[in-house]
1. Look at Phe166 and say whether it is in contact (Cβ under 8 Å) with a residue 24 or more places away in the chain and surrounded by 19 or more Cβ atoms within 10 Å (Cβ to Cβ).
2. Does the stretch 120-132 contain any residue that is part of a helix (DSSP H, G or I), surrounded by fewer than 19 Cβ atoms within 10 Å (Cβ to Cβ) and aromatic (Phe, Trp, Tyr)?
3. If the requirement is being of a type in the set (A, V, I, L, M), free of Cβ contacts under 8 Å to residues at least 40 places away in the same chain and either surrounded by fewer than 22 Cβ atoms within 10 Å (Cβ to Cβ) or assigned to a helix (DSSP H, G or I) (or both), which of these qualifies: Leu57, Leu28?
4. Within the stretch 159-173, is even one residue part of a helix (DSSP H, G or I) and under 13 Å from Lys108 (Cβ atoms)?
5. Which residues, taken from the stretch 1-25, are among the polar types (S, T, N, Q) and assigned to a loop (DSSP other than H, G, I, E, B)?
6. Taking the stretch 87-104, which residues are within 15 Å of the chain's Cα centre (by Cα) and either in a helix (DSSP H, G or I) or of a type in the set (Val, Ile, Thr) (or both)?
7. Take Val116 and decide whether it is under 16 Å from the mean Cα position of the chain (by Cα), buried (at least 24 other Cβ atoms within 10 Å of the Cβ), assigned to a helix (DSSP H, G or I) and without any contact (Cβ under 8 Å) to a residue 60 or more places away in the chain.
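Every number in this text was worked out from the coordinates using simple rules, so none of it is lab data. Remember, it's a predicted structure, so these values are computed and weren't measured experimentally. Every residue, glycine as well, gets a Cβ built from its backbone with ideal geometry; the counts of neighbours run over all protein chains shown.
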Amino acid sequence: MVTIILIIAAYLLGSVSFAVVASWLFKLPDPRSYGSGNPGATNVLRTGKKAAAIITLLGDAGKGWLAVVIARYWSNTEGLGNEVIAGMALAVFLGHLFPIFLRFKGGKGVATSAGVLLGLNPWLGLLTILTWLVVALVSRISSLSALLAALLAPVYAYFLLEQEIFVLTVLLLSALLIIKHHSNIANLLAGKETKIGKSSSS
């Protein structure tokens, strides 16, 4: 019962969209109404309000990290095992992708997945974030950075994580993230993907 409650709580935490919260705080349009329509930091940045984008980024990453930290605490104190950690990691991520508060139409999970990876293993999270940053600096394309980071995250996890269940968790997170970027993949192949900070009609 405790495990089920924790997983539901993680999902509800993931369902909190900091893009919507930050936009409300700064009196910006709903992030689902412009640009890519994605409630995430990159789209919020299109408004030119960097503070709102930063709050979105930190909030979405923070909820992923917090869910794993809480899971680790309960796992250690109550002896619930690694299954509850993996379950909460997936639940908070799925909450972001399919939030109950936004009629199950959420973001693509880049920041939240980064937070989850940091919670699982700081080096794993940092390596994945560094991959995103390097690709972003070179290409200036957020989706390409996210896709390459997602492809490499399971590789990093294989070498850094001892528990097989966590490696599988990272693999599943990466697969879901890539699937959520299907429209971006089509735009990349067509050479139409918008660069970071620029407006988009897609």
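1. Judged against the criteria, Phe166 is a match.
2. Yes - at least one qualifying residue is present in the stretch 120-132.
3. Values: Leu57 fails: free of Cβ contacts under 8 Å to residues at least 40 places away in the same chain.
Just one listed residue meets the conditions, Leu28.
4. Yes.
5. Taking the stretch 1-25 first, the residues among the polar types (S, T, N, Q) are 3, 15, 17, 23.
Matches in the stretch 1-25: Ser15, Ser17.
6. Met88, Ala89, Leu90, Ala91, Val92, Phe93, Leu94, Gly95, His96, Leu97
7. yes
Residues checked against (1) without any contact (Cβ under 8 Å) to a residue 24 or more places away in the chain; (2) more than 18 Å from Thr112 (Cα to Cα):
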residue	(1), (2)
Leu127	no, no
Leu152	no, no
Glu162	yes, yes
Leu171	yes, no
Ile185	no, yes
Leu188	no, yes
Thr194	no, yes
